[in-house]
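See below for the structure under consideration.
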Amino acid sequence: MPYPISAFLETKSAMAAGFSPDGSRLLVASNITGTNQLYQLPVGGGDLAPITAFDEPVSGRYLPNHDGTLLIQMDAGGNERHQVYLIDEDGSNLRPVIHEPDFIFRAGGVTRDGRRFAYASNRRNGVDFDIYIHDLESGESEMVFAPGGWCDASRFSPDGRYLGVIRLSERNGDNDLYLIDTTAGAAIHVSPHDDDAYYSGPTWLGDSSGFYFTTDQGGDVSALARYDLASRSWEYVREFEWEADCYGDQAGRHLLIATNEDGYSRFELFEAATLTSLGEVPVPGAGVGHGAIRVHDPVFSSDGGKLAFTWTSGARIPEAWVYDVESHDLRQLTNSATDLPENVLVDAELQHFHSFDGERVSAYIFRAPSTDGASLPVVVSVHGGPEAQYKPVFDPVVQYLVHSGYAVVAPNVRGSTGYGKRFHHLDDVRLRMNSVADLGALHDWLPTIGLDRRRAALFGGSYGGFMVLAGLAFQPERWAAAVDIVGISNWVTFLENTSAWRRQFREREYGSLQHDREFLESISPLTHADQIRAPLFIIHGTNDPRVPVGEARQVHQALFEREIPCELAIYDDEGHGLMKLKNRLDAYPRAVAFLDRALREVAVAGSER
């Protein structure tokens, strides 16, 4: 008996979010109530104890040197204007720390004494994100860095004197790393450079003498570098074949290197002072092959003795795990409820195809094992970003589609992150349509892996929504149906109407209204709406600050006027995507039923020929 889509959408998950100051409890984010809320449970095992129970999703962390107090953030209806609060671990005594609902506040690092935290905010002019330090005892905030543009607060040094700050430059894929000397009131530019380069925030040594970070300056993929505060200089200390990130503990004992190997993660621990390897973390699934591994959200206890992370794969629901660095004991701490047996869920198979110009593109394929050899209808799922990467993690909609007889193919078209700087820049501005051409090459490739390209649909959100609409408009003969979630239909109206704090930094990637307006109009799906002939289902949130809801309404109107089957689902309490279970339970069953009808008509038409 097939399972209904609600059984997949109602699946719960749990993600490791941090340790209590004494390391005895783990903070967990879970969607038990239908939105992500915060819970705590003993590291030794036990039941999740709720901390928050709000209608809106919540994120947060324990405050160091405080007994059970958390710093949390929450917006309203998906508007992304996050405010900052304190709450006690038992869920009581919620009190606002920063509450100015017209502006955005993004919390960053917290000092080891738990007295001060840093944040970025656009409160000065609604556009630029400046850096502030807030004193929890006095209740006062001080602006410490305001160069203009987009800045984010990173980590404080262990002694609390220095604060790492990341500032995006005016070039796509490029940023700078600064240290704010909170004693002298000066900014140290860690990363002067000429070429485009990425720099992570600092992972400090325990004595505040310096830190590790990752950067791709001078190379194609990121490498590990070490900065010396006394000499104010840095050097590379380790290189990698794949992109890498680093994480450390407050005590400065351990350094964790996480490499991203074609979408899969691998962890290796090092002694921070000497970079002596302590071996790989034996993540779950490693014994059954590389394709079973996917870990993220690594966090250390303050003494460095424990490492928590979330593990998931295409067929495994996200759960929180804890690794004891000394004993090498690995334990699963959460076991989220689901009505789905394991044999219903399907993992991804990684394959590659070559695009129109020979570029090699990765793609993850989901299909039920019993259907191998059959020519299946297929849903091509395109990720957003475009500065992002599809990774083989659990997705209830993907799993339901496979359960219903579809194959799902999720590509990382050019412009995706995770494959080096060169690949990342292959879709910049005037190269935009080359990423759409990757979809055409994928469509041609489908029969070679046993899939029916006549019954191929597109599915994607945000930038992936643009790719969906572009596929329909520029490749109308290829695609039989589509689902567009918060997608861009016209580049000009998108850039004109997106939030002011986003426009400049989206223009770095897509092109500017001042210099590229004619080109942007020419590649907009709405400009070519008269070419669209496939049925389209559209999902959007009224409060979306990134891609305004007008992008959905205008393409729906254009197709309605041409009598192309098109349904529009708009949710007044959502923003850039559906964060609430009640809305997902309404939108996704409708979207999948829409695909079923559209592809069934294609199958009937094909049989009649």
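Output the residues belonging to the stretch 1-48 that are farther than 20 Å from residue 341 by Cβ, touching a residue at least 24 places away in the same chain (Cβ under 8 Å) and of a type in the set (Gly, Ala, Ser).
Within the stretch 1-48, 16, 17, 18, 20, 23, 29, 30, 34, 45 meet the criteria.
Inside the stretch 224-266, can you point out the residues that are part of a strand (DSSP E or B), within 20 Å of residue 179 (Cβ to Cβ) and not hydroxyl-bearing (Ser, Thr, Tyr)?
224, 225, 226, 228, 234, 235, 237, 245, 246, 248, 255
Could you check how many residues of the stretch 410-452 are charged (D, E, K, R) and closer than 21 Å to residue 591 by Cβ?
The number of residues fulfilling the criteria is 1.
Let's see how each residue does on (1) charged (D, E, K, R); (2) buried (at least 18 other Cβ atoms within 10 Å of the Cβ); (3) more than 13 Å from residue 524 (Cα to Cα):
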{"position": "440", "(1), (2), (3)": "no, no, yes"}
{"position": "444", "(1), (2), (3)": "yes, no, yes"}
{"position": "456", "(1), (2), (3)": "no, yes, yes"}
{"position": "470", "(1), (2), (3)": "no, yes, no"}
{"position": "474", "(1), (2), (3)": "no, yes, no"}
{"position": "483", "(1), (2), (3)": "no, yes, yes"}
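Working carefully through the options 243, 239, 170, find the one that is of a type outside the set (Phe, Trp, Tyr) and over 23 Å from the mean Cα position of the chain (by Cα).
239
Just give me the residues in the stretch 571-586 being within 23 Å of the chain's Cα centre (by Cα) and either in a strand (DSSP E or B) or free of Cβ contacts under 8 Å to residues at least 24 places away in the same chain (or both), in sequence order.
Result: 571, 575, 577, 583.
Conditions (1) assigned to a loop (DSSP other than H, G, I, E, B); (2) modelled with pLDDT of 95 or more; (3) over 27 Å from residue 77 (Cα atoms), marked per residue:
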position	(1), (2), (3)
494	no, yes, no
527	no, yes, yes
539	no, yes, no
557	no, yes, no
564	yes, yes, yes
569	no, yes, no
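Evaluate the following for residue 229: is it farther than 19 Å from residue 163 by Cβ and either surrounded by fewer than 17 Cβ atoms within 10 Å (Cβ to Cβ) or modelled with pLDDT of 95 or more (or both)?
When the stated conditions are applied, residue 229 does not pass them.
Can you give me the ranges of the helices (runs of 4 or more DSSP H) entirely in the stretch 390-489 with at least 3 residues that are within 28 Å of residue 557 (Cα to Cα)?
432-445, 463-474
Going through the stretch 362-379 one residue at a time, which ones are outside any loop (DSSP other than H, G, I, E, B) and more than 19 Å from the chain's Cα centre (by Cα)?
365, 366, 369, 370, 371, 376, 377, 378, 379
Just give me the residues in the stretch 269-283 being of a type in the set (A, V, I, L, M) and open to solvent by 20 Å² or more (accessible area, probe 1.4 Å), in sequence order.
273, 275, 278, listed by residue number.
Answer yes or no: is there a residue in the stretch 497-511 that is of a type outside the set (D, E, K, R) and within 30 Å of residue 596 (Cα to Cα). Before the answer, list the steps.
Within the stretch 497-511, the subset of a type outside the set (D, E, K, R) is 497-501, 504-505, 510-511.
From what is left, the residues that are within 30 Å of residue 596 (Cα to Cα) are none.
No; the residues of the stretch 497-511 include none that is of a type outside the set (D, E, K, R) and within 30 Å of residue 596 (Cα to Cα).
What's the number of the only condition in (1) open to solvent by 20 Å² or more (accessible area, probe 1.4 Å); (2) touching a residue at least 40 places away in the same chain (Cβ under 8 Å) that residue 507 fails to meet?
Residue 507 satisfies every listed condition except (2).
So which residues in the stretch 524-572 are of a type in the set (Gly, Ala, Ser) and touching a helix residue (DSSP H, G or I) at 6+ places or on another chain (Cβ under 8 Å)?
Of everything in the stretch 524-572, those that are of a type in the set (Gly, Ala, Ser) and touching a helix residue (DSSP H, G or I) at 6+ places or on another chain (Cβ under 8 Å) turn out to be 524, 529, 534, 550, 558, 569.
At positive phi and at pLDDT below 90: which single residue out of 263, 285, 358, 304 fits that description?
285
Every residue, every condition in (1) open to solvent by less than 20 Å² (accessible area, probe 1.4 Å); (2) within 30 Å of residue 76 (Cα to Cα); (3) assigned to a loop (DSSP other than H, G, I, E, B), yes or no:
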position	(1), (2), (3)
101	no, yes, yes
109	yes, yes, no
119	yes, yes, no
142	no, yes, no
147	no, yes, yes
171	no, no, yes
178	no, no, no
208	yes, no, yes
213	yes, no, no
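For the stretch 217-234, which positions are under 20 Å from residue 155 (Cα atoms) and of a type outside the set (S, T, N, Q)?
Listed by number, the residues that qualify are 223, 224, 225, 226, 227, 228, 229, 230, 232, 234.
Scan the stretch 324-345 and give yes if some residue there is modelled with pLDDT of 90 or more and closer than 28 Å to residue 445 by Cα, otherwise no.
So far as the stretch 324-345 goes, yes, one or more of its residues are modelled with pLDDT of 90 or more and closer than 28 Å to residue 445 by Cα.
Which one of these does residue 183 not meet: (1) surrounded by 15 or more Cβ atoms within 10 Å (Cβ to Cβ); (2) over 30 Å from residue 429 (Cβ atoms); (3) of a type in the set (S, T, N, Q)?
Single failed check for residue 183: (1).
Can you tell me which residue in the stretch 288-297 is modelled with the lowest pLDDT, limited to those that are open to solvent by 20 Å² or more (accessible area, probe 1.4 Å) and assigned to a strand (DSSP E or B)?
296
Does the stretch 121-133 hold any residues that are part of a strand (DSSP E or B) and free of Cβ contacts under 8 Å to residues at least 40 places away in the same chain, and which are they?
121, 130, 132 - these are the residues of the stretch 121-133 that are part of a strand (DSSP E or B) and free of Cβ contacts under 8 Å to residues at least 40 places away in the same chain.
Pick from 338, 312, 334: which is farther than 14 Å from residue 391 by Cα, open to solvent by less than 50 Å² (accessible area, probe 1.4 Å) and among the β-branched types (Val, Ile, Thr)? Outline the logic, then answer.
Details: 338 fails: open to solvent by less than 50 Å² (accessible area, probe 1.4 Å); 312 fails: farther than 14 Å from residue 391 by Cα.
Within the list 338, 312, 334, the selection yields 334.
Take the residues in the stretch 239-268 that are closer than 19 Å to residue 323 by Cα and without any contact (Cβ under 8 Å) to a residue 24 or more places away in the chain, then tell me which one is least open to solvent (accessible area, probe 1.4 Å).
If we take residues in the stretch 239-268 being closer than 19 Å to residue 323 by Cα and without any contact (Cβ under 8 Å) to a residue 24 or more places away in the chain, then 259 is least open to solvent (accessible area, probe 1.4 Å).
The values are calculated or read from the model by the stated rules, or taken from the named source; none is laboratory data. From a predicted model like this one, the values you see are computed outputs, not experimental measurements. No Cβ is skipped: glycine too gets one built from the backbone with ideal geometry, and neighbour counts run over all protein chains shown. Keep in mind that these areas ignore ligands, DNA and RNA; they rest on the heavy atoms of the full protein, side chains included. Shrake-Rupley method; radii C 1.70, N 1.55, O 1.52, S 1.80 Å.
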